[in-house]
Amino acid sequence: MADREVDQQLVARAQAGDKQAFDLLVTKYQRKLGRLLARFIRDPAEVEDVAQEAFVKAYRALPSFRGDSAFYTWLYRIGINTAKNYLVAMGRRAPTTTGFDSDEAEGFEDGDQLRDINTPESVLASKEIAATVQKAMEDLPDDLRTAIELREIEGLSYEEIANIMNCPIGTVRSRIFRAREAIAAKLRPLLDTRKDRRW
Amino acid sequence: MKQRLSAMMDDAAQDHECEICVKRLKDDPELRAAWGVYHLIGDALRGHTAPDVAERVQQRLAAEPTVFAPHAIEPPRRRATRYALSMAASVAAVALVGWMALPLIDDPRESPPPAIAKLPEPPLVAVPVAQGVGDYLLAHQRFSPSLAIGGIAPYIRSVTEENGAR
């Protein structure tokens, strides 16, 4: 089943009232959307706020999603519009030359949703995660490391990886899974600690 | 199950595995946590570890009215089935028309079809058009369903009346 069909399944479940299905889509696309928003907004805290707003808008607009495009394509458009509206609401110009009237800017829900921009904790946490993943990768056996690099960084399919590594597709599937589990085992304490800190 | 999830994320799982996974994700917190960590690993390897807004979004959505639009999108399998059935129906219709037309095809080996009595053609009669109908038709042309046809076609009926009827 293609990635798009997995998304369509999750969207269909969300449209049928399953909010957890939408949560899974948020988990999947939050960083990808964040990268997009960072092209318009420099401050990481503001990127988080706008990303959050975009997802909430996407959830409210779910009944209008018919599946004609991929879910991320649809989310991408909502993200762009949310970023532009945010910049207009903040009195800043959007970096693109396409004009949009400030009167048309939707009301941006700020106030209690915005945090202090001086929040280095999230930046520090991101660096910790990146360092932990990098260290875990270095500790992996060569075959597992190669398999997950070819998949996650090069974006190759299992068939292509199997050809390169001269092994069956089932072996590729197993190696990638074992690599993920090995890295996850080192990440989980860090993630659990972050959750504890919030309380 | 986690291995199925891992494969599903890479478009490498069978359809039935994906269906099982998607259903289990709803009720299995450990599987949902794995979904989150696996995606985090992929994003971290590509150099992106922020933002992490899933929890905040979840909290905000908890306060949102639940969306309920169950027929807004067709599941992929049902859509594919619908297309397959439409194609099958089309092929069946073409086959039926072809089968019915077979007797009409001249075959020199077969005996000629029986002669069909020809009815006399009805005489063509000019029907006088009431005065002002032409103007009426032109004025109400925009309400005609034949507007779906482009060009001058919609106006053909309006301009074919005889000059004498005006």
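No value in this document is a laboratory result; all are computed from the given coordinates. As the structure is a prediction and not an experimental result, all values here were calculated from the model. Note that we place each Cβ from the backbone using ideal geometry, even for glycine, and neighbour counts take in every protein chain shown.
The modelled label-to-label distance for the pair B:ALA33/B:VAL97, using points 7 Å beyond Cα in the direction of Cβ, is 6.2 nm. Size of region B:1-44 from its Cα atoms: along the principal axes, largest to smallest, the extents are 29, 23, 12 Å.
For region A:135-175, count all C-alpha to C-alpha pairs, find those more than 17 Å apart, and express that count as a whole percent of the total. Result for the distance tail: 20 percent. The protection proxy used here, the mean number of other Cβ atoms lying within 10 Å of each residue, ranks peptides A:7-19, A:122-134 as follows, highest first: A:7-19, A:122-134. Would you list which lysines come within 23 Å of A:LYS19, measuring only between C-alpha atoms, while excluding same-chain residues fewer than 8 positions from it? Partners within reach: A:LYS28, A:LYS32, A:LYS57, A:LYS195, B:LYS2, B:LYS23, B:LYS26. Over all distinct Cα-Cα pairs of region A:1-80, the Kirkwood formula returns a hydrodynamic radius of 12.8 Å.
Tally Lys/Arg at +1 and Asp/Glu at -1 over every other residue whose Cβ is under 15 Å from the Cβ of A:ARG178; what's the total? Please report the intermediate quantities before stating the final value.
Details: positive: A:ARG145, A:ARG151, A:ARG173, A:ARG175, A:ARG180, A:LYS186, B:LYS2, B:ARG4; negative: A:ASP139, A:ASP142, A:ASP143, A:GLU149, A:GLU152, A:GLU181, B:ASP10.
Once all neighbours under 15 Å are counted, the net charge is +1.
For A:ARG66 and A:THR193, compute 0.36 nm times the residue count separating them, minus their Cα-Cα distance, and round to one decimal in nm. Walk me through the intermediate numbers first.
Values: separation 127, 0.36 × 127 = 45.72 nm, distance 4.00 nm.
Full extension from A:ARG66 to A:THR193 adds 41.7 nm.
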